[in-house]
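*Asks:* Here's a structure for you.
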Amino acid sequence: MKVLSVVGARPQFVKLAPVAAELALRGIDHVIVHTGQHYDPSLSEVFFDELGIAAPDRYLAIGSGSHGAQTAAMLAALETAFIEEMPDWVLTYGDTNSTVAGALAAVKLHLHMAHLEAGLRSFNRRMPEEHNRVLTDHAADLCLAPTEVAMRQLAHEGLVDRSVLVGDVMTDVLLRTRDAVIGRRPVLPAEVGSRYRVATIHRAENTDDPRRLAEIVAALQGLDVPTILFAHPRLRARAQQHDLELSGGSVVVADPVGYPDLVNIVTGSIGVITDSGGLQKEAFLLRVPCTTIRTETEWIETVELGWNHLVPEPGSGRLAAALARSAPPPTDAAPYGIGDAARRVAQALVDRHPDVATSTTDHPH
Ligand code: UD1
């Protein structure tokens, strides 16, 4: 069996790591295609190096652009790659433009396509990611769901027969990385002592409107504890464009770091402030309280369990007020699985392929 993974943006490299390791363990032929959506070494190469992923077999060098131009360029280049590789499965990850381009290129060629992280919804139709994930789920032959909530959503949309609950591969990689970095002293910016928070802001909804971005930055700068703001290139670009200084007050700006460093630094922090989906979950798995600057979250379990708090409008002291809330209740809930999701993904790919299914399995069809 031959599996072709389409990746392109930072969170997809993290998700790819445990899947690539599991496919290698099973001796399954695996081709990695990198669209080039993220090309800065700090957003791309470092993840391959640090997470032990083999270099991509194909690099399409698409780069940045408007959504239509970027997605279209990926679609054309992926089609050529798929025709040359002819995989048994195209595996798409998450909700980026690389995901939807991979999905569309695959189904147009009648290739079997599986979507990892299926069934997540924000129900916010202004988010580009929401369209990417809905379109990909409905095109997929196999929806690999990370949570029970995602499975219920897929059933609600009539996709239950194509869906398998596998757990969250980000749990696999997070738990492994946490165990590897335990006891390592995090390297922090010089201005930051042992009591600090971690912040990341990169979503278009937060960065692209100058008034909203200014409100978020002012709220972060006015906090009582030093806050390390890991600045995604989109954030830096928009801040510069809007003539907005990111550092100042409690904010210490830093370049993005690799995965083990991020896990280590978050573990040592007193809290996370973010609009990243992955980081909300990572904070929960590390049992660090998270405050999310968004109107909704796909990872509703983190909110229900009391470890994540949504602050849609952070101005007028609302962010500070949310951070002053009392400590979340201890929990041993595992809504994102126990770290065996990649194994289940590989098994589902074997079981659910109409032409290559060979083994008796835990997911018969
Ligand atoms: C993309 C995903 C988002 C994901 C995020 C993770 C889409 C629609 N969005 O958003 O879901 O959470 O990745 O980081 O696919 N840039 C660089 N260097 C790079 C890449 C980007 O400087 O290596 C800058 C460019 O100015 C670019 C901007 O960041 O225009 C946005 O990049 P893009 O890949 O379009 O979207 P992200 O905001 O990274």
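The values are calculated or read from the model by the stated rules, or taken from the named source; none is laboratory data. Only a predicted model underlies this, so the values are computations on that prediction, with no experimental measurement involved. Because the Cβ atoms are built from the backbone with ideal geometry, glycine has one as well, and the counts that use them run over all protein chains shown. Ligands, DNA and RNA are stripped out before the accessible areas are found, and what is left, the full protein with its side chains, is counted by its heavy atoms. Shrake-Rupley method; radii C 1.70, N 1.55, O 1.52, S 1.80 Å.
*Asks:* For the stretch 230-285, count all C-alpha to C-alpha pairs, find those more than 19 Å apart, and express that count as a whole percent of the total.
*Replies:* That tail contains 34 percent of the Cα-Cα pairs.
*Asks:* Top mean-square fluctuation among 108, 281, 15, Gaussian network model of the chain, C-alpha springs under 10 Å?
*Replies:* 108
*Asks:* Cα-based Rg of the stretch 230-335 per 2.2 N^0.38 Å, rounded to two decimals?
*Replies:* Expressed relative to 2.2 N^0.38 Å, the Cα Rg reads 1.11.
*Asks:* Next up: Calculate I(q)/I(0) for the chain by the Debye formula, one identical point scatterer on each C-alpha and no solvent, and give its log10 at q = 0.10, 0.11, 0.12, 0.13 Å⁻¹ to two decimals.
*Replies:* Debye curve over Cα of the chain, log10 I(q)/I(0) at q = 0.10, 0.11, 0.12, 0.13 Å⁻¹: -0.60, -0.73, -0.88, -1.03.
*Asks:* Still on this model: Below 8 Å, C-alpha to C-alpha, sequence gap of six or more: please give me the relative contact order for the chain in percent.
*Replies:* Normalised by residue count, the contact order of the chain is 15 percent.
*Asks:* Quick one: check the C-alpha center-to-center distance for the stretch 19-38 versus the stretch 96-115, whole angstrom.
*Replies:* Between the Cα centre of the stretch 19-38 and that of the stretch 96-115, the gap is 16 Å.
*Asks:* Let me ask something else. Stokes-Einstein diffusion coefficient for the stretch 42-150 at 20 °C in a medium of 1.002 mPa s, Rh from the Kirkwood formula over Cα pairs: what value in µm²/s?
*Replies:* Diffusion coefficient, whole number: 146 µm²/s.
*Asks:* Using the Cα atoms of the stretch 132-278 to build a convex hull, what is its mean projected area in square nanometres?
*Replies:* 10.7 nm²
*Asks:* Rolling a 1.4 Å sphere over the protein heavy atoms, what is the accessible area per residue of the chain, to the nearest Å²?
*Replies:* Counting only protein heavy atoms, the per-residue value for the chain is 41 Å².
*Asks:* With the full set of protein chains in place, find how many percent of the accessible area of the stretch 251-365 is carbon and sulfur; take the probe as 1.4 Å. Display every interim value, and only then the final one.
*Replies:* Values: 2480 of 4530 Å².
Result for the stretch 251-365: 55 percent of the exposed heavy-atom area is carbon or sulfur.
*Asks:* What does the helix-only formula give at 222 nm for the chain: each DSSP H stretch with n ≥ 4 adding -39500 (n - 2.57), the total divided by the residues, and the result rounded to the nearest 500 deg cm²/dmol? Don't jump to the answer; show the numbers that get you there.
*Replies:* Working: 15 runs with 153 residues, N = 365.
It comes out at -12500 deg cm²/dmol, rounded to the nearest 500.
*Asks:* Another question, if that's okay. Which value, in debye to the nearest 20, describes the size of the charge dipole of the chain about its Cα centre when Lys and Arg Cβ atoms bear +1, Asp and Glu Cβ atoms bear -1, and nothing else is charged?
*Replies:* With Lys and Arg at +1 and Asp and Glu at -1, about 660 debye.
*Asks:* The stretch 319-335 to the stretch 160-189: how many Å between their Cα centroids?
*Replies:* A separation of 20 Å, based on Cα centres.
*Asks:* Then there's this: Where the only charges are on Cβ atoms (+1 Lys, Arg; -1 Asp, Glu), what is the dipole of the stretch 184-323 about its Cα centre, to the nearest 20 debye?
*Replies:* Charge dipole, the stretch 184-323, about its Cα centre: 340 debye, nearest 20.
*Asks:* Could I ask something else about it? Connecting C-alpha atoms closer than 10 Å in a GNM of the chain, tell me which of 203, 325, 162 has the biggest fluctuation.
*Replies:* 325
*Asks:* What spacing in nm lies between the two simple spin-label points modelled at residue 26 and residue 325, each 7 Å away from Cα in the Cβ direction?
*Replies:* It works out to 3.9 nm between the two label points.
*Asks:* Return the carbon/sulfur percentage of the accessible area of the stretch 1-140, one whole number, probe 1.4 Å, all protein chains in place. Present the calculation step by step, with values, prior to reporting the outcome.
*Replies:* Working: 2910 of 5300 Å².
In the stretch 1-140, the share of accessible area belonging to carbon and sulfur is 55 percent.
*Asks:* Measure nothing but the geometry: give the 0 to 90° angle between the long axis through the Cα atoms of 97-108 and the longest principal axis through the Cα atoms of the chain, rounded to 10°.
*Replies:* Long axis of 97-108 versus the principal axis of the chain: about 10 degrees.
*Asks:* Roughly what would the spin-label model give for residue 243 and residue 225, points 7 Å off Cα along C-beta, in nm?
*Replies:* Result: 3.5 nm between the two label points.
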